[in-house]
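Peer 1: This is the structure, below, for whatever I ask next.
The values are calculated or read from the model by the stated rules, or taken from the named source; none is laboratory data. Everything quoted here is computed from the prediction, not taken from an experiment. A quick note on method: Cβ atoms are made from the backbone with ideal geometry, for glycine too, and the neighbour counts reach across all protein chains shown.
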Amino acid sequence: MKISRNLLGSIFLLLLALGIIIKPARSSKFTAQVGQDVDNITVTTGSGQRQTLGQVLGHHAGLLNFFATWCPACRMELPNLHSTVTSSDKLILLSQGSPSSTITFLRQYGVAQAHSFYDPSGQVFTSFFITTLPTSYFVNRYGIIVSKVVGPMTPTLLRENLRRANESRVG
């Protein structure tokens, strides 16, 4: 009887240890879906400084807009972005173009360089699976994606998504 108790105890401990060691791996891979955190994604400023989106957002809700200077839909949407996003929200315009050409482009629309960030390697565009321009992600003050819009937005759609990002308490 003692042998079987020791044997059962050993088997139990072995199974417990295996359960701790061999557990399903949690997927921490970023897939740019609603509910995911963008705080650790790194972007580049016009001066070449690298910052995380968490640093840029600074606990504010915001809009991350992927665009290109050559994109007609982006040109159509940009004035709405600039006039609708309030000072309490963060507007992050992300381009793969050169800083000088992008800054010149944004100046034509009266957009400050402070909103402009770059992805020279294309790594951020790839991480967010950008295939259509413009594409926008709305994030809450915790850096969590609340919604995504592919294509140009009307002012109404823009305001609705900003409202949703500001009201989101998920963190």
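Peer 1: Could you check how many residues of region 54-91 are in contact with an Asp or Glu (Cβ under 6 Å, 6 or more places away or on another chain) and not in a loop (DSSP other than H, G, I, E, B)?
Peer 2: 2
Peer 1: If the Cβ limit is 6 Å and pairs must be 6+ apart or interchain, which residue in region 65-78 that is under 21 Å from K90 (Cβ atoms) and without any contact (Cβ under 8 Å) to a residue 12 or more places away in the chain pairs with which residue that is aromatic (F, W, Y) and surrounded by fewer than 21 Cβ atoms within 10 Å (Cβ to Cβ)?
Peer 2: none
Peer 1: With respect to the numbered conditions (1) touching a residue at least 12 places away in the same chain (Cβ under 8 Å); (2) surrounded by fewer than 19 Cβ atoms within 10 Å (Cβ to Cβ); (3) among the β-branched types (V, I, T), which one is the sole condition not fulfilled by I145?
Peer 2: Of (1) touching a residue at least 12 places away in the same chain (Cβ under 8 Å); (2) surrounded by fewer than 19 Cβ atoms within 10 Å (Cβ to Cβ); (3) among the β-branched types (V, I, T), only one is false for I145: (2).
Peer 1: Oh, and also: Going by the conditions given, is A73 in contact with a Gly (Cβ under 8 Å, 6 or more places away or on another chain), closer than 24 Å to R163 by Cβ and surrounded by 15 or more Cβ atoms within 10 Å (Cβ to Cβ)?
Peer 2: Taking the combined requirement at face value, the residue satisfies it.
Peer 1: If I filter region 124-136 down to residues being in contact (Cβ under 8 Å) with a residue 60 or more places away in the chain and of a type in the set (S, T, N, Q), which single residue comes out as nearest to S147 (Cα to Cα)? Steps first, answer last, please.
Peer 2: Start the filter on region 124-136 by keeping residues that are in contact (Cβ under 8 Å) with a residue 60 or more places away in the chain, which leaves 124, 127-130, 133-136.
Cutting the leftovers down to of a type in the set (S, T, N, Q) gives us 127, 135-136.
Details: S127: 16, T135: 11, S136: 8 Å.
Out of the qualifying residues, it is S136.
Peer 1: So how many residues does region 41-53 have that are in a loop (DSSP other than H, G, I, E, B) and out of contact with any Leu (no Cβ under 7 Å at 6 or more places or on another chain)?
Peer 2: 4
Peer 1: Can you tell me which residues in region 37-67 are more than 20 Å from S87 (Cβ to Cβ) and either hydroxyl-bearing (S, T, Y) or surrounded by 17 or more Cβ atoms within 10 Å (Cβ to Cβ) (or both)?
Peer 2: Within region 37-67, V38, I41, T42, V43, T44, S47, T52, F66, F67 meet the criteria.
Peer 1: How many residues are of a type outside the set (S, T, Y), more than 12 Å from the chain's Cα centre (by Cα) and modelled with pLDDT of 95 or more if we restrict to region 123-140?
Peer 2: 2
Peer 1: Consider region 152-171. How many of its residues are touching a residue at least 40 places away in the same chain (Cβ under 8 Å), over 16 Å from the mean Cα position of the chain (by Cα) and part of a helix (DSSP H, G or I)?
Peer 2: The qualifying residues number 3.
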